[in-house]
2 protein chains.
Amino acid sequence: MRDLIINLIREKKFTLVRDEIVKMKSVDIAELLSEIDDSDSLIVFRLLPKDLAVEVFSYLHNEKQKAIINLITDKEIQHIMDELYFDDMIDFLEEMPASIVKKILKNAKEDERALINQFLNYPENSAGSLMTIEYLSLKKEMTLKQALEHIKRTGFDKETIYTCYVIDANRKLQGTISLRKLVTGEEDKTIEEVMNTDIIYVTTHDDQEKVAHLFKKYDLIAIPVVDKEHRLIGIITIDDIMDVIDKENTEDFQKMAAMEPSEEAYLETNTFTLAKHRTTWLLVLMISATFTGRIIRSFEDVLESVVVLAAFIPMLMDTAGNAGSQSSTLIIRGLALEQIKIKDFTKVIWKELKIGSLVGIALSVVNLVRIYYFEKMDMKIGIVVASTLYFTVVLAKLLGGLLPIAARKLKLDPALMAGPLITTIVDALALIVYFSMARLLLGI
Amino acid sequence: MRDLIINLIREKKFTLVRDEIVKMKSVDIAELLSEIDDSDSLIVFRLLPKDLAVEVFSYLHNEKQKAIINLITDKEIQHIMDELYFDDMIDFLEEMPASIVKKILKNAKEDERALINQFLNYPENSAGSLMTIEYLSLKKEMTLKQALEHIKRTGFDKETIYTCYVIDANRKLQGTISLRKLVTGEEDKTIEEVMNTDIIYVTTHDDQEKVAHLFKKYDLIAIPVVDKEHRLIGIITIDDIMDVIDKENTEDFQKMAAMEPSEEAYLETNTFTLAKHRTTWLLVLMISATFTGRIIRSFEDVLESVVVLAAFIPMLMDTAGNAGSQSSTLIIRGLALEQIKIKDFTKVIWKELKIGSLVGIALSVVNLVRIYYFEKMDMKIGIVVASTLYFTVVLAKLLGGLLPIAARKLKLDPALMAGPLITTIVDALALIVYFSMARLLLGI
């Protein structure tokens, strides 16, 4: 497709380009634009019917949006701004340089400008920053029939009309009613009689993770957002929440692999930023690992008398790290999905203790057999390695269970207590156990 | 809440229990039941109004569902089965032991039994296993007005009526129409004139990950499922897809921490299963790590002449592992979200090479300064460690970028190429580089 379009552009067959493009869905057009260069993008973009162009624009990456905005006329910009859904416009403005935002605000009407400024000021990752103002509000005195007629007149522009919001004269939220109920209910009843007053809502400053959790728990497709006075300010729709869930998960993956999270996709983030995000934690962990080195140096006498002990260090360290990561990953994930809570602390510790023992025994036995029968080494060395393995695995599992919950309790992000940090800690513990065992059993 | 309810049960104040409970949302009641024992659960469950009881039942964990089914009468079971949404019933039956399934099937009507058997046979994680049969179908000859009246008569029971499906006499899917269009469109037009014929659909055997991807890409709230003959079989709604996304992410987290994935939540999985899921990979990685041990043994002469070299092994291994995990995590995540594709291979490798160099230089310089100025060691040792660090980080980043994409290319799960496996590989490489450098620069 991409090549076809580029060829058609080269041959200046613009009507054919247009014919090909309008057959596609807006998301797919946006994807295509992201794969061709900016000047070709502009040609395709200008060939689109106006409404489709706005839709495609809302799906473009920030970089491509910026490129197009810089190339089109003020009038074209104005049209896009007028037609974009309010939340898409805010998302776009948040990523644009101040010069572009200024230019757009200058062209906006007085009241719209005030609203844009208000929305741009909600903290990042808050409910306020996710919401849109395209929703449908009704009055409780209306009958269902009147409400439906009202929707027929005004509903076209609203991003979601499947849930309508009932507000009073002060815009305070009084209830919700689904389009399903409006359509299937008796048409003479008033909204007050059938509306749902037990509303699930969030406030503008609630965190997006909380919002996502409510969507999942109560199977919502939209949620109202109110201010401190319980006035309805906007709604958040499920498509935006799907993006939040992906972003939050990506963030957890990144933190758990010892990186500062990036907002943008990998291929869209520049090399220097990616390198910076990785270096901080690597440095911290590297410095911490030098303490593990100190442990080895303090046991240098043990190592000098039985050099073969060094050969087991990688295996012991890797296994300890892996065992700890397994536990911490499960607990971090459980906490994120709210399947594990702080009060489950003792349950988790007890469970990890049992799992650690089972896994530890299995690994120790395999190692003992391997060292004694296959490697034909001294049985004593086998026992040192096997018992170190057992204690290390149990310790790793305990720490992997304990640290993420402790982090949550201390209001830190549990995702920080993942593999890399746990590995650094249990590596040190593993070596201490190892050399102490060696001293004890080999009589060094 | 939990304690209040338990106390009220102990004091046999059942009307008060009922009054407290019916004020709650069904999900919250289900959560409460999961926190009290089975006999108390049964009491609360039986106090619920019938419809609410069914709703609560659909939100319960499998274990609790099983417990309640074992305690209630056949007639009560029958009522629950009749009232459950079809997909919830299938989900439930899939987890029940054969004896219970048999009993339920025996009580079902002939045609329902056939349908249940058909649904139970769809492969796990397929679109077929996720879908429900509660959808609304319309004929294209209807006017919008007729359609709305039809929905009014029949729509109550359908799980989602926000998208209606237009089918012909052979049940073949011809188009879709949103309730929004039905309500806001001109009522004399026929459905054929306004329906959308460019339908996004899946087939019964499509994988759930593909389904989830379509929901996200096209901002859907439901998707039709057709068979090979393009006949409409069912629909999948977004609430089930949210669960799929959580599950797929959890699975990736588990695989990336070297575990076989568990279906159930951590606290609901028994110790033995958890231990088993963790042991396999730990054993594989442990055995692999012994090769790293062999590398150390083959360089025993180097280690014997400069024992202090052993002190840097933990730091080098940990840093190499962390650097590799960072890259592989980002690439695995990018592949999962389809932000990175196989064709981006060279872009990724080139990017990781640049990042690896930047990060490698930063870490090496810090180490050189530390070893020479703070630890007051021989400059030569500093150079050995720093240059090993540089080469190892670059190698780790390259492998972290390369292996997940290679896995995808080979139709393996990229998530397997995560931290633990990469760590094992780069640890071995790190040690080879380390001792070779030492031989070269220290002249051993």
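For this structure, a couple of remarks:
- Of all the listed residues (B:Asp227, B:Asp219, B:Asp206), the sole one being of a type in the set (Asp, Glu) and at the interface with another protein chain (Cβ under 10 Å from one of its Cβ atoms) is B:Asp219.
- Residue match in the stretch A:379-392 (condition: within 36 Å of the chain's Cα centre (by Cα), under 30 Å from B:Lys247 (Cα atoms) and surrounded by 22 or more Cβ atoms within 10 Å (Cβ to Cβ)): no
- For the stretch A:308-328, the count of residues that are more than 24 Å from B:Ala428 (Cα to Cα) and facing another protein chain (nearest Cβ under 9 Å) is nonzero.
- Filter result for B:Thr237 (within 8 Å of chain A (Cβ to nearest Cβ), of a type in the set (Val, Ile, Thr) and either out of contact with any Leu (no Cβ under 9 Å at 6 or more places or on another chain) or crowded, with 21+ Cβ neighbours inside 10 Å (or both)): no
- Within the stretch A:362-389, residues that are on the phi < 0 side of the Ramachandran plot reach partners that are surrounded by fewer than 17 Cβ atoms within 10 Å (Cβ to Cβ) and not in a helix (DSSP H, G or I) with beta carbons closer than 6 Å, at six or more positions or on different chains, in the pairs A:Ile371/A:Met377.
- Selection count, the stretch B:161-184, where residues are facing chain A (nearest Cβ under 9 Å), part of a loop (DSSP other than H, G, I, E, B) and surrounded by fewer than 22 Cβ atoms within 10 Å (Cβ to Cβ): 1
- Selection from the stretch A:111-128 of residues that are crowded, with 21+ Cβ neighbours inside 10 Å and either modelled with pLDDT under 85 or out of contact with any Gly (no Cβ under 9 Å at 6 or more places or on another chain) (or both): A:Phe119
- Residue within the stretch B:338-347 that is touching a residue at least 12 places away in the same chain (Cβ under 8 Å) and basic (Lys, Arg) present: no
- For the condition more than 8 Å from chain A (Cβ to nearest Cβ), not polar (S, T, N, Q) and not in a strand (DSSP E or B), B:Leu283 does not qualify.
- Checklist (1) β-branched (Val, Ile, Thr); (2) farther than 30 Å from B:Glu149 by Cα; (3) more than 10 Å from chain A (Cβ to nearest Cβ); (4) surrounded by 22 or more Cβ atoms within 10 Å (Cβ to Cβ) applied to B:Thr250, failing item: (3)
- Single residue of the stretch B:414-444 satisfying the filter (surrounded by fewer than 18 Cβ atoms within 10 Å (Cβ to Cβ) and outside any helix (DSSP H, G or I)) that is nearest to the other protein chains (Cβ to nearest Cβ): B:Ile444
- Qualifying positions in the stretch B:256-277 - more than 7 Å from chain A (Cβ to nearest Cβ), crowded, with 16+ Cβ neighbours inside 10 Å and in contact (Cβ under 8 Å) with a residue 40 or more places away in the chain: B:Met256
- For the residues B:Ile221, B:Ile199, B:Ile233, B:Ile241, the requirement of being out of contact with any strand residue (DSSP E or B) (no Cβ under 6 Å at 6 or more places or on another chain), under 20 Å from B:Ile167 (Cα atoms) and among the hydrophobic types (A, V, I, L, M, F, W, C) singles out B:Ile221.
- Residue that is nearest to the chain's Cα centre (by Cα), among those in the stretch A:329-374 that are of a type in the set (Val, Ile, Thr) and within 9 Å of chain B (Cβ to nearest Cβ): A:Ile332
- Among residues of the stretch A:286-307, those that are within 7 Å of another protein chain (Cβ to nearest Cβ) and within 23 Å of B:Ile422 (Cβ to Cβ), counted: 5
The values are calculated or read from the model by the stated rules, or taken from the named source; none is laboratory data. Since this is a predicted model, take the numbers as computed values, not measurements. Heads up, the Cβs are rebuilt from the backbone with ideal geometry, glycines too, and the neighbour counts pull from every protein chain shown.
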